[in-house]
1. So B:Thr337 clears everything in (1) assigned to a helix (DSSP H, G or I); (2) crowded, with 24+ Cβ neighbours inside 10 Å except one condition, right? Which one?
2. Return the only residue of B:Ala83, B:Ala107, B:Ala78 being among the aliphatic types (A, V, I, L, M) and more than 23 Å from B:Thr154 (Cα to Cα).
3. How many residues, within segment A:340-353, are more than 8 Å from chain B (Cβ to nearest Cβ) and either of a type in the set (Phe, Trp, Tyr) or part of a loop (DSSP other than H, G, I, E, B) (or both)?
4. Has segment A:229-236 got at least one residue that is in contact with a helix residue (DSSP H, G or I) (Cβ under 7 Å, 6 or more places away or on another chain), surrounded by 23 or more Cβ atoms within 10 Å (Cβ to Cβ), over 30 Å from A:Pro13 (Cβ atoms) and at the interface with chain B (Cβ under 9 Å from one of its Cβ atoms)?
5. Consider only pairs whose beta carbons are under 7 Å apart and that are at least six residues apart or on different chains; among these, list those whose first residue lies in segment A:149-175 and is closer than 17 Å to A:Ala254 by Cα and whose second residue is surrounded by fewer than 21 Cβ atoms within 10 Å (Cβ to Cβ) and β-branched (Val, Ile, Thr).
6. Kindly indicate whether any position in segment B:313-324 is more than 9 Å from chain A (Cβ to nearest Cβ), acidic (Asp, Glu) and surrounded by fewer than 24 Cβ atoms within 10 Å (Cβ to Cβ).
7. Looking only at segment B:160-168, decide whether some residue is crowded, with 19+ Cβ neighbours inside 10 Å and either in a loop (DSSP other than H, G, I, E, B) or modelled with pLDDT under 95 (or both).
8. Of the numbered conditions (1) of a type in the set (A, V, I, L, M, F, W, C); (2) facing chain B (nearest Cβ under 9 Å); (3) under 20 Å from A:Lys280 (Cα atoms), A:Leu334 fails exactly one; give the number of that condition.
There are 2 protein chains.
Amino acid sequence: MAAGLEHLQELLPVAGVELGTVAAGIRYRDRPDLAIIAVTGGSTCAAVFTRNAFCAAPVIVARRHLAGNSPRFLLINAGNANAGTGIQGIVDAETCCATLAELGGVASTAILPFSTGVIGELLPVSRIQAALPQVWQVCSPTGWSSVARAIMTTDTVPKGTSVHFTCQGHPVTVTGIAKGSGMIRPDMATMLAFLATDAQVPKKVLQRCLARGVAESFNRITVDGDTSTNDACVLLATGQSEVSIATIEDPAFAALQQAVTEVCLSLAQAIVRDGEGATKFITVEVAGGRNIQECEQVAYTIAQSPLVKTACFASDPNWGRILAAIGRSGVPDLEITGVSLYLGEACVIHGGVLHPEYTEEQGRTVMAQDDITLAVELGRGDARVQIWTCDLSFAYVKINAEYRS
Amino acid sequence: MAAGLEHLQELLPVAGVELGTVAAGIRYRDRPDLAIIAVTGGSTCAAVFTRNAFCAAPVIVARRHLAGNSPRFLLINAGNANAGTGIQGIVDAETCCATLAELGGVASTAILPFSTGVIGELLPVSRIQAALPQVWQVCSPTGWSSVARAIMTTDTVPKGTSVHFTCQGHPVTVTGIAKGSGMIRPDMATMLAFLATDAQVPKKVLQRCLARGVAESFNRITVDGDTSTNDACVLLATGQSEVSIATIEDPAFAALQQAVTEVCLSLAQAIVRDGEGATKFITVEVAGGRNIQECEQVAYTIAQSPLVKTACFASDPNWGRILAAIGRSGVPDLEITGVSLYLGEACVIHGGVLHPEYTEEQGRTVMAQDDITLAVELGRGDARVQIWTCDLSFAYVKINAEYRS
């Protein structure tokens, strides 16, 4: 169903990172569902986590472990979210970390655990423990695409991308993978995403880089308005390249920032394209607002309207529903005479009323495409935002009515 | 599809009110789609309208006319919302009012127009004008159920109810009808609803009565989170009974308030039960909040979560999705250890963790029913709210993907 998603491109290895997967039988049969990402000593790590008050046990444990030393292993499972599992969930996550720590000869706090899948069931700890020695053995620098597959749940395609650039005369690589197709909403990292670069970057600078990248990508997408309990995005820097970036003022920082943002944006848009049941990729642009907040208000009201989303699914240029969404978005003192609306390049509403030259035929042509842009001009300022979403199809209902059953 | 809705009960006439309908061919073929409600001179009228900034032409005209004399006729059409139609829409609404005013021998401002249906198409004024003399001729005190049918759009059943009570030793009647099944969200009146009573009530007192009734009913329901451009709720008081209520301190006011709220609640719940594609009627109760606002925040986050709604459709006790919705509802400093969750009578979460005696079987039994109650205790105060919604089914997508096409 993924709207316009191509096959996973070749993912570039990142010096200092090795990855492996195994079929641990956590929920699925005969497919890898357990992964580790190992980084060399001396690496730094930045991370952002869900803001959901009911955050999952692995999120609590990962936050704790991050406060100490730099992590050496990320331990990821699909099929079970270890969320809503109380104290036992935390004990279970710690137990898995301890097992891997022993194998790796590191402290337990050098392991960051991540889980994705069904909420409210206890983690099958013994199955994970039994599988860890195997995954340990198959780790390799080329394991990125294998991990991209192992962390999938309702995803229909694996998601990953690499960016390669030259800095200070030396090559730098940024590679990232992600999973997520439902329970996606802009509120901090909105899925699981793991990025790594071989640049050498202090933790604080790396955190700044990740936060900026996430703000312009993962925090600008929405599938169904639901924020997960388990969302996390991690950026590792192994320092194995010749490039060292000490501060955010460093000219090399801008190059790294651009690459990280590009990888984040590519992954975020891939998540939307693979949104549960998605058949259309929708860009919502809102310009002419007094500030970013009101542009976001309008953009998300449109992007999360079930009526707008079903109209997109039906390729129906039902601009009345978009207008209604703008009208109820809660922008203070909105003068409708300043509002314009475009479906693709076609101006439908100008100055609050139907454009005399707009034809239903124009609208149908735009809405029939796989990639649709809905653009709104509020006519009251200079702020603008762009967000991405997908349509609401029969398949969304089917997937979410059947998942778990 | 209507979840647990019975056939339209017998609607009691209200002395001083006559109603009629006709098939004007506005959009539908061979079914009534134009209605008038005529009230006797000396009646008073209260009304609440949509807060959508893109409110429709009839809403603008009705508000204007209401500012003057008391209305004598409500003119209602289904199939065309006359919204997003700019100045021409206002001219069209005024033209229809003028035609009816001439027939009735009253000023144009004594007519309140209401439209519901597709947004963005011009009103077929001449067809309405041509049909008005016929509808004029068939008006009768028993026309309530006929109007309830004529104003339907994606509704699958007509909605109406009557309450009869004795006050000051005399009988009083309150009868109401409503339409609405999609584009429903709590933000002022959320559909078209017309109520009348034969009590004698000054306009100000009547407005207070309606506002209170709406706050506890229409403003507590949600189908898809979309607020219409055309929503309106009107309460007429003809003064034809012996009962006169001069102030809100009058003991009779409490009796009238109770009856009006009862009618509003019955109509509002009928709208949810007939929600587009609804197969389940869901009550969301949130108690133990510090204030009403945070209870509403949690309740609407649950009620509008597509994941929770599809789980209800699937009869799946997927309480993890409810927990995730509570967690992301934005309640400040929510301590999850204070949170409890009930599916019907079954306690699933107590003190933030799974209740040891809860079984999946219990949950399945609750979720398999047509009427489901999801109850949350926040454990941090005394405020509580109750709202109503429905599930998200294949049929919702089908209806909204096909409507208009």
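The values are calculated or read from the model by the stated rules, or taken from the named source; none is laboratory data. Here the structure is a predicted model, which is why all the values come from computation and not from measurement. When we count neighbours, we look across all protein chains shown, and the Cβ atoms used for this are built from the backbone with ideal geometry, even at glycine.
1. B:Thr337 satisfies every listed condition except (2).
2. That would be B:Ala107, the only listed residue that is among the aliphatic types (A, V, I, L, M) and more than 23 Å from B:Thr154 (Cα to Cα).
3. 4
4. Scanning segment A:229-236, I find at least one residue that is in contact with a helix residue (DSSP H, G or I) (Cβ under 7 Å, 6 or more places away or on another chain), surrounded by 23 or more Cβ atoms within 10 Å (Cβ to Cβ), over 30 Å from A:Pro13 (Cβ atoms) and at the interface with chain B (Cβ under 9 Å from one of its Cβ atoms), so the answer is yes.
5. A:Val174/A:Val163
6. no
7. Yes - at least one qualifying residue is present in segment B:160-168.
8. A:Leu334 satisfies every listed condition except (3).
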